[in-house]
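One structure below.
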Amino acid sequence: MISVRNLNYVYGAGLPGSRQALFDINLDIETGDVVALIGHTGSGKSTLIQHFNALVPPTSGTVVIDGINVTDKAAKKSDIRKKVGLVFQYPEHQLFEETVFDDVAFGPKNLGLDEAEIKKRVFDACAIVGIKEKYFGFSPFELSGGQKRRVAIAGVIAMEPNVLVLDEPVAGLDPKGRDGILAMITGLHEQRPEMTIIFVSHSMEDVARVANHIIVMNEGSVAMTGTVAEVFSKGDELRGMGLAVPQITQITDRLRAMGYELPPHIYTLKYGERAIAALLRGEERTDV
């Protein structure tokens, strides 16, 4: 679905004080994958995802999405943004219509769809994010923070993109709102397995809960890629980049170092609970 080759980006290229943000990025993301993009602040995560729907042009290199070279000046921005939906941090700040229905319908209306198709897309998108029909006539500003975030995401989902990119989708939410958004991402993947989902996160627990693969950014370069288990098994390397592994992984690694027999690659709380419970019961670890 996504192929990035030799991508470089320089802020203020050719001007005094220019700064290179991306260095020779090469990566591939498969159709239908759920990928977490992690890295310390300033590692280039947000700059990279803005190349996916041609918000910023590369200094050099290419990004090809579903056969379209989005870095080609001849490529139509409208075609690109039908394929790639980008949800910025705090997307609720971009809500502006009088009702929830109208806000979610804004994108499909701009595609020139008929009223029946617009209505279908609004209902489908709101069902995915958990916004009930009874809220359609509400002003989006009457909703809670988590509900506003869901409405904003529904507006992008209603465009039916092939790729959905979410920049820190749970930033600033309370635990309930955060759990709701993470459950929504999982549900979206189950309902639309052909959609590729990329999300930026600073929470290793959230990454472990939702992602299938991880891309680690460090100082503008791709430091490592792999499955969640593969990346989180390299705890020392991650810590060297100012990152960490999930807390449950830290705990079980410590127990394993103390001589307790636990399975490798424990990175979700649920799996960790089962493994430790089995250990306390004296069961073989294959029973976990």
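The values are calculated or read from the model by the stated rules, or taken from the named source; none is laboratory data. Quantities reported herein were computed from a predicted structural model and do not represent experimental measurements. Note that we place each Cβ from the backbone using ideal geometry, even for glycine, and neighbour counts take in every protein chain shown.
Check the range 235-254 and report whether any residue there is touching a strand residue (DSSP E or B) at 6+ places or on another chain (Cβ under 8 Å) and surrounded by fewer than 17 Cβ atoms within 10 Å (Cβ to Cβ).
Yes: the range 235-254 contains one or more residues that are touching a strand residue (DSSP E or B) at 6+ places or on another chain (Cβ under 8 Å) and surrounded by fewer than 17 Cβ atoms within 10 Å (Cβ to Cβ).
Hey, among the residues in the range 126-173 that are touching a strand residue (DSSP E or B) at 6+ places or on another chain (Cβ under 8 Å) and among the charged types (D, E, K, R), which one's surrounded by the most Cβ atoms within 10 Å (Cβ to Cβ)?
Among those residues, the one meeting the criterion is ASP167.
Only one of these is at pLDDT 95 or above, outside the structural domain of LYS270 (by TED's automatic domain parsing), within 30 Å of GLU115 (Cα to Cα) and of a type outside the set (D, E, K, R): ILE185, ILE197, ILE153, ILE215. Name it.
Just one listed residue meets the conditions, ILE197.
Considering the range 5-55 alone, what residues qualify as being among the β-branched types (Val, Ile, Thr), out of contact with any Phe, Trp or Tyr (no Cβ under 9 Å at 6 or more places or on another chain) and in a strand (DSSP E or B)?
VAL10, ILE29, ILE38
Tell me the residue from ILE131, ILE118 that is part of a loop (DSSP other than H, G, I, E, B), in contact with a Lys or Arg (Cβ under 7 Å, 6 or more places away or on another chain) and either in the same structural domain as THR186 (by TED's automatic domain parsing) or β-branched (Val, Ile, Thr) (or both), please.
It is ILE131.
Got a number for residues in the range 181-201 being surrounded by fewer than 16 Cβ atoms within 10 Å (Cβ to Cβ) and within 28 Å of ARG254 (Cα to Cα)?
Looking only at that region, the number is 0.
Do you know which residues across the range 242-266 are assigned to a loop (DSSP other than H, G, I, E, B), hydrophobic (A, V, I, L, M, F, W, C) and touching a Ser or Thr at 6+ places or on another chain (Cβ under 8 Å)?
Matches in the range 242-266: LEU262, ILE266.
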